[in-house]
1. May I ask you to list the residues in the stretch 92-121 that are part of a strand (DSSP E or B) and among the charged types (D, E, K, R)?
2. Checking R81 against (1) at pLDDT below 85; (2) outside any strand (DSSP E or B), which test does it fail?
3. Cβ-Cβ distance below 8 Å, separation of 6 or more or different chains: which pairs start in the stretch 338-351 with a residue that is farther than 17 Å from D311 by Cα and end on one that is of a type in the set (V, I, T) and surrounded by 12 or more Cβ atoms within 10 Å (Cβ to Cβ)?
4. Condition first: in a helix (DSSP H, G or I) and touching a residue at least 24 places away in the same chain (Cβ under 8 Å). Now tell me which residues in the stretch 278-322 satisfy that.
5. Output the residues belonging to the stretch 266-296 that are surrounded by fewer than 13 Cβ atoms within 10 Å (Cβ to Cβ), closer than 22 Å to G330 by Cβ and of a type in the set (D, E, K, R).
6. Please tell me if G156 is of a type outside the set (F, W, Y) and closer than 30 Å to S353 by Cβ.
7. Got a number for residues in the stretch 81-134 being touching a helix residue (DSSP H, G or I) at 6+ places or on another chain (Cβ under 7 Å) and more than 18 Å from V244 (Cα to Cα)?
8. Can you tell me which residues in the stretch 252-287 are over 18 Å from F309 (Cα atoms) and of a type in the set (G, A, S)?
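The values are calculated or read from the model by the stated rules, or taken from the named source; none is laboratory data. Not measured: the values here are computed from a predicted model. FYI the Cβ positions are ideal-geometry reconstructions off the backbone, even for glycines, and counts take in every protein chain you see.
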Amino acid sequence: MELASTQRDVLPAAVAEFAAETKVRSEAVESRLDDEELMDAYSQAVTGVAERVSPSVVNIEVRQQVKNKRSGAPRLSKEARGGGGSGFVFTPDGFILTNSHVVHGATKIEVTLNDGRRSEATLIGDDPDTDLAVIRITAPHLFPVHLGSSQKVKVGQLVVAIGNPYGFHSTVTAGVISALGRSLRAQSGRLMDDVIQTDAALNPGNSGGPLVTSRGEVVGVNTAMILPAQGICFATSIETAKFVAGRLIRDGKVNRSYIGMAGQNVPLPRRFVRFYNLLVESGILVVSYDDNSPAKKAGLFEGDIIVAFDDHPIAGIDELHKLLTEERIGRKSSLTVIRRTQMFTLEVIPEESPVKASE
């Protein structure tokens with residue numbers, strides 16, 4: 001039986017409409033499955049990191065000596081407990097990395113492992129200039145982390161932070177690398193370079209905990225956050241931590257050289273820059289110097305402006321700090337100075353800094 005002409009026209013249209021609806025539903029289902037797969041991959045990465053690294057993360061509690069208000073004698077007070085922080089085991093024999101500001105000046109350090117075991121820790125050394133410290137415990141069955149390379153991470157890469165904010169043990173937060181190569185001022189006044197910025201949520205108590213990639217490799221030591229801001233947190237790079245930890249284990253401190261002067265950054269008169277063909281437009285005005293210091297022995301006067309050190313142009317105090325390394329201790333170096341209108345060179349022999357990191 002033949003179909004009427006109207007039926008012949010309607011049937012193909014209905015079939016086409018059904019096919020279109022089926023295609024839309026199929027695409028929606030596929031899109032939903034893709035989203036679920038992506039979420040599963042993200043979740044699996046974070047949970048995998050938490051399972052691998054959390055056993056290595058410790059909670060740190062410190063106590064400090066305070067003076068009795070009446071007698072002035074030092075006493076150990078429970079009320080003087082310096083809060084706490086985080087750290088992580090990085091060797092099988094109990095060495096733990098944390099922040100200097102967590103343990104600096106502590107008279108007693110207690111560590112709580114992820115499995116609940118408690119142990120008293122010994123301060124091996126701390127370095128306020130990089131806000132890093134190493135402590136050690138004696139305990140069996142420790143799980144050291146795997147140290148990665150902060151030089152291989154990229155902006156936008158997934159990272160996980162593990163720590164003990166406000167005493168909540170083994171708290172896991174996730175985010176991305178927001179920026180690399182940041183600079184951050186340490187409590188000692190020195191500038192810390194090669195700092196990692198992340199939006200993984202950090203809170204007081206996270207300090208000293210690890211910043212970890214999705215492969216479970218530690219690439220940073222969580223150190224600071226900007227409290228009024230949202231998602232602006234910082235970690236000292238693991239490359240810096242490796243160097244500092246090695247020196248703290250070997251020497252108990254990080255040796256740096258010093259010349260024993262205090263200064264401030266000042267702009268240079270434009271005519272000085274042109275006349276002497278200087279590569280910087282600012283320098284360090286010498287405000288004072290220590291008695292019997294290398295600066296005084298070299299003949300440096302108050303009012304002098306330092307513009308170079310060992311032929312390296314110096315635009316400010318931070319540049320001078322970077323050059324005053326351990327290698328320059330006892331080695332004759334040159335200071336290029338402008339005094340009034342004359343520029344000349346002085347010979348200075350930097351000495352080992354008398355300020356110990358553990359003091």
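1. K108, E110, R118, E120
2. Among (1) at pLDDT below 85; (2) outside any strand (DSSP E or B), the lone unmet condition for R81 is (2).
3. R339/I305; E351/I259; E351/I329
4. P294, A295, K296, K297, A298, I317, D318, L320, H321, K322
5. D291
6. Judged against the criteria, G156 is not a match.
7. Result for the stretch 81-134: 4.
8. G252
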